[in-house]
1. Please give every one of the lysines within straight-line cross-link reach of Lys124, meaning a C-alpha to C-alpha distance under 23 Å, and leave out same-chain neighbours fewer than 8 residues apart.
2. Taking a virtual spin label 7 Å from the Cα of Ala64 along the C-beta vector, which residues in the range 16-32 bring their backbone nitrogen under 13 Å of it?
3. Using a simple charge model, +1 on the beta-carbon of Lys and Arg, -1 on the beta-carbon of Asp and Glu, nothing else, what dipole does the range 1-82 show about its Cα centre, in debye to the nearest 20?
4. Extending each Cα 7 Å along its Cβ direction at Arg138 and Ser164, get the distance between those two points in nm, one decimal.
5. For the pair Phe272/Asp49, report the inter-label distance in nm, with labels modelled 7 Å from Cα in the Cβ direction.
6. Can you give the extra length, in nm with one decimal, that the chain gains between Ile208 and Ile155 once fully stretched, where that is 0.36 nm per residue apart less the Cα-Cα distance?
7. Less than 18 Å apart at the alpha-carbon level, and either on another chain or at least 8 residues along: which aspartates and glutamates does that give for Lys79?
8. Restricting to the chain, compute how many DSSP beta bridges are antiparallel as a %, nearest 5.
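Computed from the coordinates by the stated procedures, all read-outs in this text should not be read as laboratory data. Here the structure is a predicted model, which means the values were calculated and not measured. Note that each Cβ is placed from the backbone with ideal geometry, even for glycine, and that neighbours are counted across all protein chains shown.
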Amino acid sequence: MPVVGLLDQRSPDELADRLRGFRQGLRDSGFVEGQNVAIEYRWAENKLDRLPDLAADLVRRQVAVIVATSGVSPAMAAKAATTTIPVVFIVGDDPVKLGLVVNFARPGGNLTGINFFSGELGAKRLELLREMVPGARRVAVLVSPANVKYSETTINEVGPSAHSMELQIQVLKANTVPEINAAFATFASGRPDALFVGHDPFFNGRRIQLVQLATRYAVPASYSSRDFAEAGGLMSYGANIADAWRQAGSYAGSILKGAKPGDLPVVQSNKFELVINNQTATMLSLTVPSSLLAIADEVIE
């Protein structure tokens, strides 16, 4: 029975939908976990320094393919661990700029994967947040400096857009649960008009905490994936990440059938979804503009 190694920087507690998507992708390729394929899971529990050892462990296990599912750090760890075992990544930044592949059409080497562009949608997401809160003048931007690529992309995307909209940006940094609490505690002395949560796998794993804190401090907040809006966040804009996991599962299945990763083009998400939680808007005394309602892919009532 072939073995697929799944490497993620988080814990599996809040990834049920994405894991279902991954297994569905494998099924679409003819592979069912426990029947004709085994999956070895390696979770870093948000300790990024564990990723190299976890990747090396999968290599020692001689898995048929490694699927790195939570962005840049796992993908880089897998790339460093092997030049022979196929690697399928899921990243929110340009994989060519990251040095994972040489180009999108023919990646070359032993890596290919899914690029869902969440990190590169910052400017558009800020525009949508400003449309939701037209009176906003000061916006807090939360990033996790442990993932340098994601935090840099967020700031580089948001900064110029904020300047053009005459918004004042306050950058907050958090790498741990207490640091998230501390970042929000600064709102007690000077609450921003809105909050922009940067795309980061760590934040996704802490989405309940982030949404609850935004509620406690009554701050309108924008997030990078629908998971947050479904958990009670005001609004999200980004790719459907569960579908990216499905595509990764499908690619893993193709590789198990003999496809070479270097010949499989990097899949680029071309559908992005705006999700608005109208209940949260009402709680924040916000009226969702008709212009946003008209383009929203889903409005949670």
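1. Within the straight-line cut-off, Lys124 pairs with Lys97, Lys149, Lys173, Lys271.
2. Within reach of a label on Ala64: 26-27, 29-32.
3. Result for the range 1-82 is approximately 180 debye, rounded to the nearest 20.
4. 2.5 nm
5. About 3.6 nm separates the two model spin labels.
6. My answer for the length gained is 16.7 nm.
7. Once the sequence-local aspartates and glutamates are set aside, what remains near Lys79 is Asp8, Glu40, Asp49, Asp53, Asp57, Asp93, Asp94, Asp263.
8. On the way: 5 of 43 bridges.
For the chain, the DSSP antiparallel bridge percentage is about 10.
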